[in-house]
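The values are calculated or read from the model by the stated rules, or taken from the named source; none is laboratory data. Not measured: the values here are computed from a predicted model. Cβ placement follows ideal geometry from the backbone for every residue including glycine, while neighbour counts extend to all protein chains displayed. Side chains are part of the model used for accessible areas, which takes the heavy atoms of the whole protein and leaves out ligands, DNA and RNA. Shrake-Rupley method; radii C 1.70, N 1.55, O 1.52, S 1.80 Å.
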Amino acid sequence: MSDFDSKSQVQTSGRDSFASSFGVIAAAAGSAIGLGNIWKFPYITGMNGGSAFIIVYLVCIAVIGFPVMLSEFMIGRKAERNAIGSFKKLSPGTPWFLTGWMGFLAAFMILSFYGVVAGWSLNYVFQAMTGSLSGLNPQQMGDFFGGFITGTISPIIWQTIFMALTGYIVYAGIKNGIEKWSKILMPLLLLLIIVLDVRALTLPGAGAGVEFLFKPDFSALTASGVLVALGHAFFSLSLGMGTMITYGSYISKKENLGKVAMQVTIADTVIALLAGLAIFPAVFAFGIEPGAGPSLVFITIPNIFNMMPGGMIWSTLFFVLLSLAALTSAISILEVVVAYLVEEVKMSRHKGTIIATVSITLIGYLCSLSMGSTFDTLFFGKNFFDLMDWTSANVLLPLGGLFITLYVGWVWGPKTTLTELSNNGELSISYLGVLMFLCKFLAPLAIAIVFLNGIGILSF
Ligand code: TRP
């Protein structure tokens, strides 16, 4: 570590951090790649007409997602603090730290319902392995899913198991927990998805699914589809919540942040496309409607696997993939809360992890119970699960992303940005002008439009 010390204050604090470049990519890509890629991306693509939606999504990722991610990394690495502490340290005595607080709140909301869906996925690994899903017809498969998620005890048990795994990894810290597990789980995930892709693409009739994904039909695209694409770019890349600020704070001062942000963005996008390639060829090969919505992976996919030889194995692999992807994302959400408790409230990591995990799990119980009749109180016409999902995705994440780009664009400006981006002049940065334009104008404007639409003030 001594070779770091000459350059700046790096590592002298004894703060836990990522140990290798591959670890940084695995952890950040692990955060980005999650239920958003494998559960949500295929169904929203299906509901919004396929390839034209994907093109718009790719534009959103490049023009808005990338600058927001890079901004988060830069803020975190410069400050070497959690999301709230970063703003307090970099701009003391200003209200910018409220951006961190919104992220803190969003972490509670997102992980509470995320843990529930991840629990469903874990249960499906078990059901697929024991053969309970085999031989069900589509109607029975739908009834099975509906019966399970509206139940009281079973979904809560699976959610608790998932949250315990999440807490276990976070408790071990950055190097020995998050980095170590991401380095093991991410390559495994890549391998599983490639196996599933090969299976799907070699089905007779798979071509129609590939065409659905890659042959653009712009007539199927609506204005609201454009906004869904932008909102999803945020969710999928883990932006607007301070996740990447927190992870950025563990990145070495030697790392090329532009390159890291680029690699993570590309990895997230490639995995979303590979998930689409595993799912749509199969959907079309078996003549199933692509627009099934949120139940696509829990009802449609097991149905499809049931129609294939060796279906049990493919189903099991698929839900292992989904659960692993969810796990490396959930740890990044929990870490936002734990890093705050450890650094600002001065709790031990042990205590902070337990308090954060238990309280989020308890809120998650309410999300799970709100799917059935145990807790069916509606808030603004939404059940508790949807309230957590809607408020975080449509209000907190866009606002967080907006303030983060405005902070880099207007408070930092090109000079500070260049210093951070170039590692104090060591790297040459050719894209500073473009980045500043995106952070100052284009990204904030586009985010503001999604936000106003999301809360219903502007409607398309
Ligand atoms: N990106 C993850 C997914 O696609 C979810 C996630 C992790 C997330 N951290 C986040 C979403 C922070 C929003 C903000 O499933």
Legend entry - Relative contact order of segment 287-427, defined on C-alpha pairs under 8 angstrom at six or more residues apart (%): 8
Inset, instruction - Within segment 80-100, find all residues whose amide N lies under 19 Å from a label point positioned 7 Å from the Cα of K415 along Cα-to-beta-carbon. - result: 90-92
Legend entry - N256 paired with S295, simple spin-label distance in nm, labels 7 Å along Cα-to-beta-carbon: 4.9
Legend entry - Probe 1.4 Å, all protein chains present, accessible-area order of M371, M186, largest first: M371, M186
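Students sometimes get this wrong: rank W390, W96 by accessible area, probe 1.4 Å, all chains present, largest first. Provide the component values of the computation, followed by the final result.
Numbers: W390 85, W96 60 Å².
Sorted by accessible area, descending: W390, W96.
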Legend entry - Rounded Å value of the spacing that divides the Cα centres of segment 355-412 and segment 250-324: 24
Legend entry - Whole-Hz ³J(HN,Hα) from phi, Karplus 6.51 cos²θ - 1.76 cosθ + 1.60, for segment 61-75, glycine and proline x: 4, 6, 8, 10, x, 4, x, 5, 4, 4, 4, 4, 4, 5, 4
Inset, instruction - Return the calculated 222 nm mean residue ellipticity for the chain, to the nearest 500 deg cm²/dmol, obtained by summing -39500 (n - 2.57) across DSSP H runs with n ≥ 4 and dividing by the residue count. - result: -21000 deg cm²/dmol
Inset, instruction - Could you work out the relative contact order of segment 6-454, using alpha carbon pairs under 8 angstrom and six or more residues apart, expressed as a whole percent? - result: 34
Legend entry - segment 297-381 - accessible surface per residue (Å², probe 1.4 Å): 37
Inset, instruction - Starting from the Cα of V59, step 7 Å along the direction of its Cβ; do the same at L445; then give the gap between the two resulting points in nm. - result: 1.4
Inset, instruction - Would you list which lysines come within 23 Å of K382, measuring only between C-alpha atoms, while excluding same-chain residues fewer than 8 positions from it? - result: K40
Inset, instruction - For K175, list the lysines whose Cα falls under 18 Å from its own Cα; do not include residues on the same chain fewer than 8 positions away. - result: K183, K253, K254
Legend entry - Calculated FRET value between F380 and K215, using beta carbons and R₀ = 45 Å, to 0.05: 0.70
Legend entry - Listed residue pairs exceeding 30 Å between alpha carbons, taken from K89/K415; K180/K259; K351/K440: K351/K440
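Sorting Y431, Y171, Y43, Y407 by accessible area (1.4 Å probe), largest first, what list results?
Details: Y431 70, Y171 105, Y43 25, Y407 0 Å².
Final ranking, largest accessible area leading: Y171, Y431, Y43, Y407.
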Inset, instruction - Take the alpha-carbon centre of segment 15-81, take the same for segment 127-189, and report the distance between them in whole Å. - result: 22
